[in-house]
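Have a look at the structure below, then the notes.
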Amino acid sequence: MRERVVVLGPPGAGKGTQCKLLAAARGLLHLSTGDLLRAEVDAESSLGQQVKAVVARGDLVSDDLVLAIVRNRLAIHREGWLLDGFPRNSTQAAMLDDLLADLGQPLRVALQLQVPEEELVARLLGRGRCDDSEVVVRRRLQIYARETEPINAHYQARELLKCVDGLGSVEDVATRIGNSLDEREHGEETIC
Ligand code: B4P
């Protein structure tokens, strides 16, 4: 079965780190809305100029803009994929449901990476990206709790949500994620 996976979790949970490994190991498209937005900023495109200040503050970019980016990529890619950083709120989750119904590409799993808050802060401050100052990191965590965490219930209600412990070495977390996806393949559910 084609792997079509949404990877959820707070800023710094390791979504980008794990998606890169998983995409390489399983031949999947890795679609990171954060990376795509940062590429627009680096290219100094007109879109990038709109996005730059929003990302630097730690706020979310507009839903329509992010959806347009995702739609363009998924419409031309019919194989397996990993969505990293999207959806980020309940509006985006509903938009994604509609988009996948239009494309005939049902979601297989929503994978939630779980990491305690103080570890998240330490990781993000260690990463050193321009949107990783302590003030901005705390703001992003608040926005996550308010806007993104509630979408877990959206996927739980559809019996698609799986939780994975994101603490430990990168390799250990990757092994847990692989096991979790394969369990689902073989019908052994570990829904959270
Ligand atoms: P993202 O690019 O999605 O970034 P993130 O959530 O901060 O990080 P991630 O969870 O991927 O962690 P990473 O692997 O890097 O978002 C950035 C911004 O883009 C948002 O604030 C927003 O403005 C905008 N945006 C993106 N998507 C959007 C959307 N859909 N709608 C609106 N706006 C959107 O790991 C973090 C650090 O931890 C790294 O240094 C890594 O090396 C380390 N690490 C990873 N795994 C580890 C482990 N097991 N142990 C120790 N350290 C580990």
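FYI, it's all coordinate maths here, none of it is from the lab. Nothing here was measured: the structure is a model prediction, and the numbers come from that model. We place every Cβ from the backbone using ideal geometry, glycine too, and count neighbours over all the protein chains shown.
Being over 12 Å from the mean Cα position of the chain (by Cα), at negative phi and among the small types (Gly, Ala, Ser) is a description that does not apply to ALA13.
When the range 40-51 is limited to residues that are surrounded by 13 or more Cβ atoms within 10 Å (Cβ to Cβ) and more than 10 Å from the ligand (Cβ to nearest atom), the one that is farthest from SER133 (Cα to Cα) turns out to be LEU47.
Of the residues making up the range 21-36, those that are within 14 Å of the ligand (Cβ to nearest atom) and under 15 Å from GLY80 (Cβ atoms) are LEU21, LEU22, ALA23, HIS30, LEU31. Considering only residues in the range 5-39 that are touching a Gly at 6+ places or on another chain (Cβ under 6 Å) and crowded, with 20+ Cβ neighbours inside 10 Å, the one that is farthest from ALA174 (Cα to Cα) turns out to be THR33.
For the range 123-137: of the residues being surrounded by 14 or more Cβ atoms within 10 Å (Cβ to Cβ) and without any contact (Cβ under 8 Å) to a residue 40 or more places away in the chain, which is farthest from the ligand (Cβ to nearest atom)? Checking each candidate, the answer is SER133. If the condition is being surrounded by fewer than 21 Cβ atoms within 10 Å (Cβ to Cβ) and within 12 Å of the ligand (Cβ to nearest atom), then the range 71-86 contributes no residue at all.
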